[in-house]
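Right, I'll just put the structure down here and ask away after.
Every read-out reported here was derived from the displayed coordinates using simple, explicitly stated rules and does not represent laboratory data. This structure is a prediction, so every number in the text was calculated from the model and none was measured. Because the Cβ atoms are built from the backbone with ideal geometry, glycine has one as well, and the counts that use them run over all protein chains shown.
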Amino acid sequence: MVKAKSTPRFFNKVVSVILVQTDTTVGFLSQDEKKLKEIKSRDSTKPFIKVYQNFKSFTRDNRVNNHHKNLIRHSKKTTFIIKNRAFRVAQIDLYSSFLRQEWNYSTSANESGKNFDRVFCEEKADIIIEDKTSLYEGKSSALYKLNAKKIRRLR
C-alpha cells in the first residue's frame, strides 16, 4: 500500500520524507537532513545514517581500508561509522528501489528518545510505503565504529 499527499510521481518532489519498513525497524528516508532533524527534534550535531543501495555505490563516494571491505560488503542489518560518518548498505528489495542515487539519509521513525508511534509518523511523512507485513518496530541495527585496524561495537 502506498499513500502519498502529493502527485503519484514520487521523485518529482524535491524534498520528501518517506516512511518505510526497513530491514530492521520502521524508518524515515529523506534527501534533506534538516527536514529529518525537524521531525525528530534531534540535536543538530548528531549525524544521520547515509544509506547506499549496494557496496559498489558506497565505494564510489567513500574510501575504506582493505581490512574492513569484506566486513562491510557481507554485513546484514549493520550500521558502520568511519570518521564520524554513519552509513549502511541496504540489501532489501522494498526500499532499495528508492535508493537510485546515494542521496538518502535514514533514521528510525520516532521522536528522539521515544518509541514508534504510527500516528506521529503518518503526520510527519510525505509518502508512506507499506507492504503486507505492515509497519513494525523491530530491533535496531548493530552499530560498529571502524578505524584503521580496530572494530568497536557500539550497539
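Determine the alpha carbon to alpha carbon distance for each of K76/K124; K56/K145; K34/K139; K34/K69; K34/K56; K40/K149 and list only those over 23 Å.
Among K76/K124; K56/K145; K34/K139; K34/K69; K34/K56; K40/K149, the Cα-Cα distance tops 23 Å for K76/K124; K34/K139; K34/K69; K34/K56; K40/K149.
Going by average Cβ neighbours within 10 Å, how do the peptides 26-32, 80-86 rank, with the highest at the top?
Result, highest mean Cβ count within 10 Å first: 26-32, 80-86.
Order by neighbour count: S75, S106, S112, fewest other Cβ atoms within 10 Å first, most last.
Listed from fewest to most nearby Cβ atoms, that is S112, S75, S106.
Of R152, R63, R118, how do they rank once you tally other Cβ atoms within 10 Å and put the fewest first?
Fewest-to-most ranking of R152, R63, R118: R63, R152, R118.
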